[in-house]
1. Return yes or no: is E47 surrounded by fewer than 24 Cβ atoms within 10 Å (Cβ to Cβ), modelled with pLDDT of 95 or more and among the acidic types (D, E)?
2. Collect the residues in region 224-241 that are among the hydrophobic types (A, V, I, L, M, F, W, C) and either at pLDDT below 95 or not in a helix (DSSP H, G or I) (or both), keeping them in residue-number order.
3. Can you say whether N396 is within 16 Å of ligand 1 (Cβ to nearest atom), out of contact with any Phe, Trp or Tyr (no Cβ under 8 Å at 6 or more places or on another chain) and touching a residue at least 12 places away in the same chain (Cβ under 8 Å), as far as the supplied structure shows?
4. Can you name every residue in region 127-171 that is in contact (Cβ under 8 Å) with a residue 40 or more places away in the chain, over 17 Å from M1 (Cβ atoms) and open to solvent by 60 Å² or more (accessible area, probe 1.4 Å)?
5. Restricting the search to region 89-107, which residues are of a type outside the set (G, A, S) and touching a Ser or Thr at 6+ places or on another chain (Cβ under 8 Å)?
6. Output the residues belonging to region 172-195 that are in contact (Cβ under 8 Å) with a residue 40 or more places away in the chain and either open to solvent by less than 70 Å² (accessible area, probe 1.4 Å) or aromatic (F, W, Y) (or both).
7. Please report, ordered by residue number, the helices (runs of 4 or more DSSP H) entirely within region 428-516 with at least 1 residues that are within 14 Å of ligand 2 (Cβ to nearest atom) and either open to solvent by 50 Å² or more (accessible area, probe 1.4 Å) or touching a strand residue (DSSP E or B) at 6+ places or on another chain (Cβ under 8 Å) (or both).
Amino acid sequence: MNGAEVIVSALENEGVEQIFGIPGEENLDVVEALRKSSIELVLTRHEQAAAFMAATHGRLTGRAGVCLATLGPGALNLTTGAAYALLGAMPMVMITGQKGILSRKQARFQVVDIVSTMTPLTKMARQIVSPATIPSLVREAFRVAQQERPGPVHLELPEDIAHEPGPDTAPVPPHPIDLPIAPRAALDRAAQLILGAERPLIMLGAAASRPRLAEALSAFVQRVQIPFFNTQMGKGAVTGGSGLYMGTAALSERDYVHRAIDRADLIISIGHDTVEKPPFFMGPDGPTVLHVGYLPATVEEVFFPQAELIGDVGPSLTLLADRLEHKLPRAQALLGLRDDILAHIADRAEESRYPPTPQRIVHDVREAVPEDGIVCLDNGMYKIWFARNYRTHVANTLLLDNALATMGAGLPSAIMAACLNPGRRVLAVCGDGGFMMNSQEMETAVRLKLNLVVLVLQDNAYGMIRWKQATDGFPDFGMTFGDPDFVVYAQAYGAKGSRVETAEGIAPTLQSAFAAGGVHVVSTPIDYSENKRVLVDELRANALTGAAGVA
Ligand SMILES: Cc1ncc(C[n+]2csc(CCOP(=O)(O)OP(=O)(O)O)c2C)c(N)n1
Ligand SMILES: [Mg+2]
């Protein structure tokens, strides 16, 4: 076996079924080994998209997704995806080529120090220097990528090591690992804190969305009956439990959900990761925060929990619920605020104005997407609206990135979600800016024969920055652009395209796009004047009245 065959058999050993990427000549031995393997090589049209797809595989399954690129330019195109997986805690293994390291027949042509480039963007970055070390390195790469806190790992396989015959070493078999559960003393202490709380509130953060946690977390919320809110990336962590949902902290303060947050005396923060924009600011007079996590909380200026429950979150929460169930007469002290908060959020969601408002679009997307359908957002102004207004009922059904918050990941992440869930409806929601950053992957989606709808929101602008520019008092300058005709653009890829012509047309257009199957782009204009009316003026007024109402 040569180095390439050893690495491919080690990947098979890890259960890898697909590898996403773009090979270069330095990867040709790997490509040949893949041809003879059980693994499918999925070509993308840009390495960045391959990394977004592999990271999303890790995010949705807990098993590292794998991407492949050549040396230099190809590897450099993976860097944004590496940062996306690192900040977003998504397990991923990146494999890149390199010129030979035993001799230098091409001098320094295309040679960039990728291991150094990847070091600050990964949990581990290594060059492979001999076929004999590959089985253990690959096992180590998957272990590191998948263990808490998950993230990306980089392996560089130089072309001569890939080509070199090595000993027929067997892969290292993975084994199940059970993480330690929070110790009894810590569980008792956490239970005491919660039993003594007057107005408890649960917050679900990014790590609450780990796929293996969904069941235990949902059961915990149901058993203790304490109302919850979530961060943007904690959205959709709980299946069911909608009767206890108080809202999403898409902004750090002043939003309606902060009426509950500001009144809580204890926040049970499950899986908060401070890579996210703060869901609220801790201060000297704020509530007590109990951090429940796989790892201790990171201490920040705005987040410094006073108590912690550390250990495998699912089983630890089960033991915590055993101590709390039926013993919390004040569990729902804050629930009375719920109707008012949600009514404000739902305000004007059915307006017929055209171009439609963000609220109307979110409302109608919810109508067209079944409870288990998956919505994948790119980054733009609408992310705040979806985070605030979109209701989730099933875990991991709204994928958004509030960590690197990069544009361009919406379509690739939806492609991955569609690959993994062929029986479910998958919708990418992108701005006209973010969509164009990786729209070439329409070809990949069509080639893979996916069922996928892409909703493109047109304001002919980098709307979010334009909004920030206006709210910061700058003149309107430099943020607008022209768009292609998205219907014709979709057709050029062999996909289908439709345009929303009235506010009433949003839901039916999406419905028929889903019903038609295949890849379908739906474009709609969007009226962003609501950004200022609601997110600035209305919330400023709410902050005043809300503050006045605090006892
Ligand atoms: C790769 C990248 N470049 C720039 C930014 C900064 N940025 C954040 S949102 C945004 C505008 C997004 O425009 P669009 O996709 O059209 O969405 P809109 O806000 O207009 O709805 C920009 C430029 C970013 N987050 N990521
Ligand atoms: Mg835009």
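The values are calculated or read from the model by the stated rules, or taken from the named source; none is laboratory data. None of these values were measured; they are calculated from a predicted model. Positions of Cβ are generated from backbone atoms using ideal geometry, with glycine treated the same way; all protein chains shown enter the neighbour counts. The protein model used for the area step is the full one, side chains on, heavy atoms only, and it has no ligands, DNA or RNA in it. Shrake-Rupley method; radii C 1.70, N 1.55, O 1.52, S 1.80 Å.
1. No: the conditions fail for E47.
2. Matches in region 224-241: I226, F228, F229, M233, A237, V238.
3. No.
4. Listed by number, the residues that qualify are Q146, R149.
5. M90, M94, T96
6. Correct list: V172, P174, L179, A182, A186, L187, D188, A190, A191, L193, I194, L195.
7. Filter on region 428-516 gives 432-435, 463-471, 486-492.
Residues checked against (1) within 9 Å of ligand 1 (Cβ to nearest atom); (2) closer than 21 Å to M90 by Cβ:
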residue	(1), (2)
L420	no, yes
R425	no, no
G433	yes, no
M436	yes, no
E441	no, yes
V446	no, no
L450	no, yes
L455	no, no
D459	yes, no
